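K.L.:
I am attaching a structure below and will ask some questions about it afterwards.
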Amino acid sequence: MDTTIKQSLKEIVGAENFTDSLIDLIAYSKDASEHRHRPDAAVWPVNTGQVSAIMKLASREKLPIVPRGAGTSLAGLAVPEQGGIILDLGRMDKIIDINIEDRLAVVQPGVVYADLDRALSPHGFFFPPDPASGSVCTLGGNVATNAGGIKGAKYGTTKDYVLALEVVLPDGRILHTGSKCMKSVSGYDLTRLFVGSEGTLGVVTEITFKINPKPPLVSTSMANFETLEDAGRAVSEIMYSGIIPSALEVIDQQTLIAINQNTDLNLPEVEALLVAETDGYTREETEFQMAKIVSIFKKNNATTTRQADSKEEAEALWTARKSAYGVLARINNNLIVEDLAVPMSKVPDMLRAISELSKKHNLRIPTVGHAGDGNLHPVICFDGTNADEVKRVEEASAELFEKVIELGGTLTGEHGIGLAKVPFMGLEHDEISMDIMRSIKRLFDPNNILNPRKMGLEE
Amino acid sequence: MEGKYEFEKKFRDQVLRCSSCGFCRAVCPVFGLTKRPALNARGKMLILKEVMDGNVDLNDELIETLFQCTNCTSCTAQCPSGVDPPEIIKQVRKDMVHTGSCHPAFEGMNQVLQEHTNIYAEDEPEDFERERNRKAEYVFFIGCVGAYREDEATMATLDLLDHLDVDYTMINEVCCSGVLEDVGFQINQDLAQKNVDLVLSTGAKTVITGCPYCARTFNNKVQYQTLKDKGVEIIHISQFLKDFDLGVKTDKVVTYHDPCDLGRHCGIYEEPRQIIRKIAPNFVELRHNRANALCCGAGGGVRGAYPKNSIDMARRRLEEVEEIGAEIVLTECNSCVHNLKNAKLRAQKFEIFTTTQFLNQLLEEAG
Ligand SMILES: Cc1cc2nc3c(=O)[nH]c(=O)nc-3n(C[C@H](O)[C@H](O)[C@H](O)COP(=O)(O)OP(=O)(O)OC[C@H]3O[C@@H](n4cnc5c(N)ncnc54)[C@H](O)[C@@H]3O)c2cc1C
């Protein structure tokens, strides 16, 4: 990259907020996926004006710009595939306003999910998506990926809470979308367009979230099923029973085996284990809902069900699900966390298909997921230095996505397309929808400078 | 695969096992301050992967990150993949020193301990008005920071031991030199031997250290193995004091900062709290405590090499003290006390002590 461009960047953000040191370029070459490419430089803007000036410069010079939060993307969204400049928003990390009267929180994009949670908690409020990466991921990243989590079935995902955005467009103009009102149908819904846009349309510099009161009480239970089909039937039946659990998670046999190998939890190595949580304001309310869920578990041949009587017991029941990533991350050197979603009734079919793919390609693919909204995370564990295994991983992934689409599912429930799923976009989206998406991209970003090569937007 | 560097032989699998999830961002004190991903454990592991791939050599360009780790091990405690970055980094620093890339402050530290008996290159030891090197049941080992920088705290500890009628002696101690292993060098065999010999000559069966780092060195390093072989036990002062009831109390709001060297490194969380709860009914925990405690920023040679960041890390820790409105901050490490005190702003009205110093103060006030 030209030294005059570097000089201009330094003038915009100050020398202390610019870097082209080798150590930074390497650190920005990767996110939590397996993709890797170095940028040419990185900047830490501290206000919207600086972001705007950077975008103007980038437009003029046709420089690729990749916005970045915590870099926890699991699909290569934050990797600067074409080099260029990393725009790290981590230093724009102020909570601007918490307005309980209007049920709003206004934040800069670099605020970490958990920090907002901590600030809302004394008011009895929360921002529900609750991604498992919440201790580190940023709210800007959550908006750009439309992050979800275990509370999806009852509380939805990030998109259900974003009311308004300030966005710097690729040409440097500053766009304000939405309003601070709970309802608004005034014009096109530009806010929603940016949610989940993976940093390809604009840089989010301020977010106004709707926040929810947090029900203080929960009931938790766990059930084991000998067959995936029984577990799947239980999930569907719960979801149309009239009760909406605040969480309903599934853990498959391979994951249970891996957990047992690494912990003293001693879980039964059945085909599926379900963990359910109900929430509410009175004990009666949470227990009433849970009783119904437990009866559905039993009706569908759950071999054992356990209900937590205390907070500690509830935590113990959650340990299995929450320890899964750590346990799976230790299985081998590399892991790809997939993120497909299928209609709820298809969860057992999908789990069965994953298990068969694992056998066919001789790969370990333990799976956990948000059964309550049909979002599954098959975790492909492999050794990246073993060329044969890498090839089998690629084959299995391709077959996996074909199956997902055949079942009426979607490539990604919450992690996004990024680089990882570009080859499969055509499976899910026909030419017309790809054409419209590309037109939108061109409208906002005619020079294709914002997070290029992502989402399959390039022909 | 044969690596070019020693760290590859020992830690290749661990470096590869880092899944780049970035969870260390939440806990790394250096990252928390600088918000610079190259400085947290994930950044360091990515850099080491590139070294192992042969794309980058261990050279001066990498000093800023690889020599800027306080060795607090909070990343280790959080890592879902079971990676222990500080252990890897310590080996990498040795490799770097070997290839001629070292932070000048670390080189200086090694130099000083070749020529002097303590890290401050002080030639006049504080005498603490007590006879040394006599036969006694216990040896009290002060440590460099307690001897040369926080001597008031040390004096208070000695007064307390006297008050409790403990039969102890000090020795003509020299730096345990454990820190050299963290900054790319080796323990100084001569210094270690001198400490071992002096301890043994007192006939003591227990060494009580004022410094948790010295306790770790004595307990874990082969150069001090003779002590254990001869049945000498090494404990930290907090372990020694936990069962005493001194009958003094304070109304003040007290909190406790877990030193990394005592907490995460030795798993000692309860003993200090046991002591403090007896004297302070108004005890409040800091937001990050026990295994999650936030480092004061002094360790791993960072105070010497990156003094500004070190102090600013301590400031972040002190913000947590303000958050809970504590009036007294107690800790069990002179090095933490030293850094935290240096970082304290005039507007911050709380006071910082070692637990023993505070105990002694209460005793003196009670007459
Ligand atoms: C162990 C683990 C568990 C996870 N669990 C979940 C989970 O439960 N649910 C879930 O949804 N995800 C999960 N994720 C994925 C990831 O944490 C989310 O996608 C998260 O929203 C990414 O946030 P980030 O700050 O890390 O963004 P990054 O990874 O830095 O960036 C992600 C994308 O957002 C864009 N972006 C970031 N900030 C901005 C901005 N201000 N303006 C415009 N674009 C921007 C980037 O360009 C990129 O395209 C998990 C990841 C890991 C490693």
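The values are calculated or read from the model by the stated rules, or taken from the named source; none is laboratory data. Worth saying up front: this structure is predicted, and the values here are computed from it rather than measured. Positions of Cβ are generated from backbone atoms using ideal geometry, with glycine treated the same way; all protein chains shown enter the neighbour counts.
Residue-wise test of (1) in contact with a strand residue (DSSP E or B) (Cβ under 7 Å, 6 or more places away or on another chain); (2) modelled with pLDDT under 95.
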residue	(1), (2)
A:VAL66	yes, no
A:GLY140	yes, no
A:THR145	no, no
A:ILE150	yes, yes
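K.L.:
Consider B:VAL27 against the criteria (1) touching a His at 6+ places or on another chain (Cβ under 9 Å); (2) surrounded by fewer than 22 Cβ atoms within 10 Å (Cβ to Cβ): it satisfies all of them except one. Which criterion is unmet?
P.N.:
Going through the list (1) touching a His at 6+ places or on another chain (Cβ under 9 Å); (2) surrounded by fewer than 22 Cβ atoms within 10 Å (Cβ to Cβ), B:VAL27 breaks only (2).
K.L.:
Is it the case that A:ARG68 is of a type in the set (Lys, Arg) and without any contact (Cβ under 8 Å) to a residue 12 or more places away in the chain?
P.N.:
Spelling it out, it is not the case that A:ARG68 is of a type in the set (Lys, Arg) and without any contact (Cβ under 8 Å) to a residue 12 or more places away in the chain.
K.L.:
Being assigned to a helix (DSSP H, G or I) and of a type in the set (D, E, K, R) is the filter here; which residues of the stretch B:341-367 pass it? Don't jump to the end; show me each part of the working.
P.N.:
From the stretch B:341-367, those assigned to a helix (DSSP H, G or I) are B:341-343, B:355-366; that's our starting set.
Listed by number, the residues that qualify are B:LYS341, B:GLU364, B:GLU365.
K.L.:
Starting from the stretch A:127-149, keep only residues that are of a type in the set (Asp, Glu), then list their pairs with residues that are more than 6 Å from the ligand (Cβ to nearest atom) and assigned to a helix (DSSP H, G or I) whose Cβ atoms are within a distance under 9 Å, requiring at least 6 positions of separation or different chains.
P.N.:
Filtered contacts from the stretch A:127-149: A:ASP130/A:TYR113; A:ASP130/A:ASP117; A:ASP130/A:GLY152; A:ASP130/A:TYR155.
K.L.:
Among the residues of the stretch A:117-173, which ones are within 13 Å of the ligand (Cβ to nearest atom), part of a strand (DSSP E or B), hydrophobic (A, V, I, L, M, F, W, C) and more than 25 Å from A:PRO343 (Cα to Cα)?
P.N.:
Across the stretch A:117-173, the qualifying residues are A:LEU165, A:VAL167, A:VAL168.
K.L.:
Follow-up. Look through A:ILE336, A:ILE293 and report the one residue that is within 16 Å of the ligand (Cβ to nearest atom) and touching a strand residue (DSSP E or B) at 6+ places or on another chain (Cβ under 6 Å).
P.N.:
Details: A:ILE293 fails: within 16 Å of the ligand (Cβ to nearest atom).
Answer to the selection: A:ILE336.
K.L.:
Among the residues of the stretch B:44-68, what is the count of those that are over 15 Å from A:SER21 (Cβ atoms) and aliphatic (A, V, I, L, M)?
P.N.:
Final tally of qualifying residues: 5.
K.L.:
Are there any helices (runs of 4 or more DSSP H) wholly within the stretch A:1-63 with 1 or more residues that are within 12 Å of chain B (Cβ to nearest Cβ), and if so which? Break it down into steps so the answer makes sense when it comes.
P.N.:
On the way: elements: A:3-13, A:22-27, A:48-61.
So the answer is A:22-27.
K.L.:
Of all residues in the stretch A:295-335, count the ones that are among the basic types (Lys, Arg) and more than 29 Å from the chain's Cα centre (by Cα). Steps first, please.
P.N.:
We begin by selecting, within the stretch A:295-335, every residue among the basic types (Lys, Arg); these are A:298-299, A:306, A:311, A:321-322, A:330.
Right, trim to more than 29 Å from the chain's Cα centre (by Cα) and you get A:298-299, A:306.
So the answer is 3.
K.L.:
Tell me, yes or no, whether the stretch A:195-212 has at least one residue that is more than 17 Å from A:HIS370 (Cβ to Cβ), within 16 Å of the ligand (Cβ to nearest atom) and without any contact (Cβ under 8 Å) to a residue 60 or more places away in the chain.
P.N.:
yes
K.L.:
If B:GLY54 satisfies every condition in (1) within 14 Å of chain A (Cβ to nearest Cβ); (2) at positive phi; (3) in contact (Cβ under 8 Å) with a residue 60 or more places away in the chain but one, which is the exception?
P.N.:
(3)
K.L.:
Go through the stretch B:24-38 and report how many residues are among the hydrophobic types (A, V, I, L, M, F, W, C) and either at the interface with chain A (Cβ under 8 Å from one of its Cβ atoms) or more than 23 Å from the chain's Cα centre (by Cα) (or both). Break it down stepwise before answering.
P.N.:
Step one: of the stretch B:24-38, the residues among the hydrophobic types (A, V, I, L, M, F, W, C) are B:24, B:26-28, B:30-31, B:33, B:38.
Within this subset, residues satisfying the condition of being either at the interface with chain A (Cβ under 8 Å from one of its Cβ atoms) or more than 23 Å from the chain's Cα centre (by Cα) (or both) are B:26, B:38.
The total comes to 2.
K.L.:
Here is a further query. One residue is enough: does the stretch B:8-16 have a residue meeting the conditions in the same structural domain as B:ARG93 (by TED's automatic domain parsing), over 26 Å from A:ILE380 (Cβ atoms), away from the ligand (no atom under 14 Å from the Cβ) and buried (at least 24 other Cβ atoms within 10 Å of the Cβ)?
P.N.:
Looking through the stretch B:8-16, none of the residues is in the same structural domain as B:ARG93 (by TED's automatic domain parsing), over 26 Å from A:ILE380 (Cβ atoms), away from the ligand (no atom under 14 Å from the Cβ) and buried (at least 24 other Cβ atoms within 10 Å of the Cβ).
K.L.:
Can you work out which of the residues in the stretch A:88-116 that are away from the ligand (no atom under 13 Å from the Cβ) and not hydrophobic (A, V, I, L, M, F, W, C) is nearest to the other protein chains (Cβ to nearest Cβ)? Steps first, please.
P.N.:
The initial filter retains those residues of the stretch A:88-116 that are away from the ligand (no atom under 13 Å from the Cβ), namely A:94-106.
Filter once more, keeping what is not hydrophobic (A, V, I, L, M, F, W, C): A:94, A:97, A:99, A:101-103.
On the way: A:LYS94: 13, A:ASP97: 20, A:ASN99: 22, A:GLU101: 25, A:ASP102: 26, A:ARG103: 26 Å.
Within the stretch A:88-116, the match that is nearest to the other protein chains (Cβ to nearest Cβ) is A:LYS94.
Residues are listed down the side, and each one gets a yes or a no for (1) buried (at least 16 other Cβ atoms within 10 Å of the Cβ); (2) not hydrophobic (A, V, I, L, M, F, W, C):
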{"site": "A:HIS415", "(1), (2)": "yes, yes"}
{"site": "A:LYS421", "(1), (2)": "yes, yes"}
{"site": "A:GLU428", "(1), (2)": "yes, yes"}
{"site": "A:ILE436", "(1), (2)": "no, no"}
{"site": "A:ASN451", "(1), (2)": "yes, yes"}
{"site": "A:GLU458", "(1), (2)": "no, yes"}
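K.L.:
Give just the number: which of (1) touching a Pro at 6+ places or on another chain (Cβ under 9 Å); (2) more than 16 Å from A:THR385 (Cα to Cα); (3) more than 9 Å from chain A (Cβ to nearest Cβ) does B:CYS21 not satisfy?
P.N.:
So the condition that B:CYS21 fails would be (3).
K.L.:
Hey, another quick one. Restricting to the stretch B:213-246, name every residue that is hydroxyl-bearing (Ser, Thr, Tyr) and either in contact with a Phe, Trp or Tyr (Cβ under 8 Å, 6 or more places away or on another chain) or surrounded by fewer than 22 Cβ atoms within 10 Å (Cβ to Cβ) (or both).
P.N.:
Going through the stretch B:213-246, the residues hydroxyl-bearing (Ser, Thr, Tyr) turn out to be B:213, B:217, B:224, B:226, B:238.
The answer is B:THR217, B:TYR224, B:THR226.
K.L.:
If I go through the stretch A:387-409 residue by residue, how many of them are of a type in the set (A, V, I, L, M) and in a loop (DSSP other than H, G, I, E, B)? So that I can check it myself, show each step before the final result.
P.N.:
Residues of the stretch A:387-409 of a type in the set (A, V, I, L, M): A:387, A:390, A:393, A:396, A:398, A:400, A:404-405, A:407.
The next check asks that each one be in a loop (DSSP other than H, G, I, E, B); those that pass are A:407.
Residues meeting the conditions: 1.
K.L.:
Please go through the stretch B:60-95 and pick out each residue that is more than 9 Å from chain A (Cβ to nearest Cβ) and either more than 25 Å from the chain's Cα centre (by Cα) or of a type in the set (Lys, Arg) (or both).
P.N.:
If the condition is that a residue be more than 9 Å from chain A (Cβ to nearest Cβ) and either more than 25 Å from the chain's Cα centre (by Cα) or of a type in the set (Lys, Arg) (or both), then B:ASP60, B:LYS90, B:ARG93, B:LYS94 are the ones that fit.
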